[in-house]
Amino acid sequence: FAHTKNFKWSDGENCYLRKDGCAIVAARGPFHWEWLDRTGKVTWRMWVAEQSLQSGVEFDTEVWVMLQQRPGMSALILRENKLPKFISASDLIRMKESNQVGLFPATYRLRIKTH
């Protein structure tokens, strides 16, 4: 994905850099990467997976909650037709609301209750 947006890996900085001063840096969970503008402000938080919407995408509940909380700066980067596809949280929410995609619970946790 970074290469398609003209970023190049910098070993010295340990991140992807672009000539205009933007950077893609490793993020602290649950998102994998953050896109920073030239001033260092986060413009996108990106969760990345080698999955597609056609096959289904599994992620933690925390990711969906954060996508909903900040749809203007959150996105998924998925694999569609063997290419990276950037899908903003705003688009995902619209797709869900218009029934183009469904959101299904994938896992449950059972544990002994403590009193």
Exercise for the section: Kindly indicate which of Phe31, Phe59 is touching a residue at least 12 places away in the same chain (Cβ under 8 Å), surrounded by 17 or more Cβ atoms within 10 Å (Cβ to Cβ), of a type in the set (A, V, I, L, M, F, W, C) and closer than 19 Å to Phe1 by Cβ. Expected result: Phe31
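Could you count how many residues in region 34-56 are charged (D, E, K, R) and either part of a loop (DSSP other than H, G, I, E, B) or in contact (Cβ under 8 Å) with a residue 40 or more places away in the chain (or both)? Spell out the reasoning first.
Of region 34-56, the ones charged (D, E, K, R) are 34, 37-38, 41, 45, 50.
Keeping just the survivors that are either part of a loop (DSSP other than H, G, I, E, B) or in contact (Cβ under 8 Å) with a residue 40 or more places away in the chain (or both) gives 37-38, 41, 50.
Selection size over region 34-56: 4.
Looking only at region 94-113, how many residues end up being open to solvent by 100 Å² or more (accessible area, probe 1.4 Å), in a loop (DSSP other than H, G, I, E, B) and either modelled with pLDDT of 95 or more or polar (S, T, N, Q) (or both)?
Just the residues of region 94-113 that are open to solvent by 100 Å² or more (accessible area, probe 1.4 Å), to begin with: 94, 97, 99-100, 104, 107-113.
Still in the running and in a loop (DSSP other than H, G, I, E, B): 99-100, 104, 107-113.
Checking which are either modelled with pLDDT of 95 or more or polar (S, T, N, Q) (or both) leaves us with 99-100, 107.
Result for region 94-113: 3.
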Exercise for the section: Among the residues of region 1-19, count how many are more than 17 Å from Gly40 (Cβ to Cβ) and either assigned to a strand (DSSP E or B) or open to solvent by less than 50 Å² (accessible area, probe 1.4 Å) (or both). Expected result: 4
Completion exercise
Of the listed residues (Ala89, Ala23), the one being under 23 Å from Thr107 (Cβ atoms) and of a type in the set (A, V, I, L, M, F, W, C) is Ala89
Handout entry: Check on Asp91, out of contact with any strand residue (DSSP E or B) (no Cβ under 6 Å at 6 or more places or on another chain) and assigned to a loop (DSSP other than H, G, I, E, B)
Key = no
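The values are calculated or read from the model by the stated rules, or taken from the named source; none is laboratory data. Being a predicted model, the structure only gives us computed values, none of them experimental. Virtual Cβ from ideal backbone geometry, glycine too; neighbours counted across all protein chains shown. Areas reflect the complete protein model, heavy atoms only, side chains present, ligands, DNA and RNA absent. Shrake-Rupley method; radii C 1.70, N 1.55, O 1.52, S 1.80 Å.
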